[in-house]
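Below you'll find the structure, written out as structure tokens, and then a few comments.
The values are calculated or read from the model by the stated rules, or taken from the named source; none is laboratory data. Bear in mind the structure is a predicted one, so any value in this text is a computation, not a measurement. A quick note on method: Cβ atoms are made from the backbone with ideal geometry, for glycine too, and the neighbour counts reach across all protein chains shown. Quick note on the areas: whole protein, heavy atoms, side chains included, nothing else; ligands and nucleic acids left out. Shrake-Rupley method; radii C 1.70, N 1.55, O 1.52, S 1.80 Å.
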Amino acid sequence: MQIIDSLNELNITSKTAVALGNFDGVHIGHRKIMHNALEAASANGFKSLCFTFSNHPFNFIMDRDVSDPAAIKLICSEEEKIRLIEDMGFDILVNVPFDEHIMKMRAHDFFEDILSGRLSAGYISVGFNYSYGARAEGNPEMLRDECGRAGILCSVEDAVMMDGEVVSSTLIREMIAGGDMEKAAAYLGRPFTVSGKVEHGARLGSANGIPTANIAMPDDRLAPPNGVYFTRVLAGGSEYKAVSNLGCKPTVSDRGIISIETNVFGWQGDLYEKEISVYFDHFSRPERRFASQEELFAQISRDCEDAVCYHSEH
């Protein structure tokens, strides 16, 4: 997949079928929009192209750094988003920053310069609530009209419904923030995932017979509630069942730094400095401070037993 990360590099001459959207989370609603573009590309001999932003427009407009608690946090990392789009089979990913130039561009100019011009769009797929142009003046109806005049095919995907609700990134954020990992996974089409390089810790788990692999919780990522989760881990190309604690380890640390400590069942060897991915399947209990390390590790042993039972049943 070709990745273009700057508008200055954008000058595609082959006809393209374009999926347009912010695609934060690449959830099942987004994937319908994307599949439309992929199918149109195959049917018409076009290149398949996904156009999205490498930052969240809301954070740019409100001038909020990703570490700001008031910023919109990402459902999936930039790396995961790119991988998911590539796995779907797109030929080209245009993943550019939402900046002042794009923010101030009028809807007609965005269509003429970007869509019809630099993308050479022959087909455009958007969702029912897509907006574009300065102050979000462009909408699907306007886009249909523009496409009709330019001879470009246009598809507007209806809302994808599940359990009587519209699948949206906002709703999925609420599920993750509330610890409803099963429902979030159903709406995402995959489990909520955090990846990272295993860091060296205090080795308290190893000293107590429960070794853990520790990764940081990135500042720009949406985090579920602090607590214990039944998880799965992708490590060394294989998947393992696991139990994880997401939080600040209040019994043994006063630093307040959020991390993910995972006991990987069946792993033999050293995970330090290796990249792993943690899939959050089920929220078990909130994180809490224990009176002693002995009490803490007794509870961790029970958490491991509960996780083994959960995984055997699922």
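Data table
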item: The range 60-75 versus the range 218-245: alpha-carbon centroid distance in Å; result: 23 Å
item: Cut-off under 5 Å, modelled amide H: who pairs with ALA213 long-range; result: THR262, ASN263, VAL264
item: Computed lengthening from PHE58 to GLN2, 0.36 nm per intervening residue step minus Cα-Cα distance; result: 17.5 nm
item: Compactness of the chain - radius of gyration and Dmax, Cα, Å; result: 22.1, 72
item: Two-decimal ratio, the range 129-248, of alpha-carbon radius of gyration to 2.2 N^0.38 Å; result: 1.55
item: Spatially proximal aspartates and glutamates relative to LYS274 (Cα-Cα < 15 Å; intrachain offsets below 8 disregarded); result: GLU199, GLU239, GLU261
item: Contact order relative to length of the range 26-109, as percent, for alpha carbon pairs under 8 angstrom and 6 or more apart; result: 39 percent
item: Accessible surface of the chain [probe 1.4 Å, protein heavy atoms]: carbon and sulfur percent; result: 49 percent
item: Nearest 10 degrees, 0 to 90: helix 28-44 Cα axis against the chain principal axis; result: 40 degrees
item: Point-charge dipole on Cβ atoms (K/R +1, D/E -1) for the range 61-118, about Cα centre, debye to 20; result: 160 debye
item: Overall dimensions of the range 1-102 as given by Cα atoms, namely Rg and Dmax in Å; result: 14.1, 45
item: ASP306 versus ALA216: modelled label distance in nm, points set 7 Å from Cα along the beta carbon direction; result: 3.0 nm
item: Estimated FRET transfer efficiency (SER42, ARG190; beta-carbon r; R0 22 Å; 0.05); result: 0.40
item: For ALA19, distant residues with modelled amide H under 5 Å away; result: LEU49, CYS50, PHE51, SER125
item: The range 67-173: Cα Rg divided by the 2.2 N^0.38 Å rule of thumb; result: 1.20
item: Point-charge dipole on Cβ atoms (K/R +1, D/E -1) for the chain, about Cα centre, debye to 20; result: 140 debye
item: Cα→Cβ-extended label distance, 7 Å offset, between GLU141 and GLU273, nm; result: 6.1 nm
item: Relative contact order for the chain, counting Cα pairs under 8 Å that sit 6 or more residues apart, in percent; result: 17 percent
item: Out-of-range pairs (alpha-carbon distance over 21 Å; input LYS73/LYS104; LYS32/LYS241; LYS81/LYS197; LYS73/LYS183); result: LYS73/LYS104; LYS32/LYS241
item: Gyration tensor verdict on the range 235-314 (Cα atoms; rounded if a/c is under 1.5, prolate if a/b is larger than b/c, oblate otherwise); result: oblate
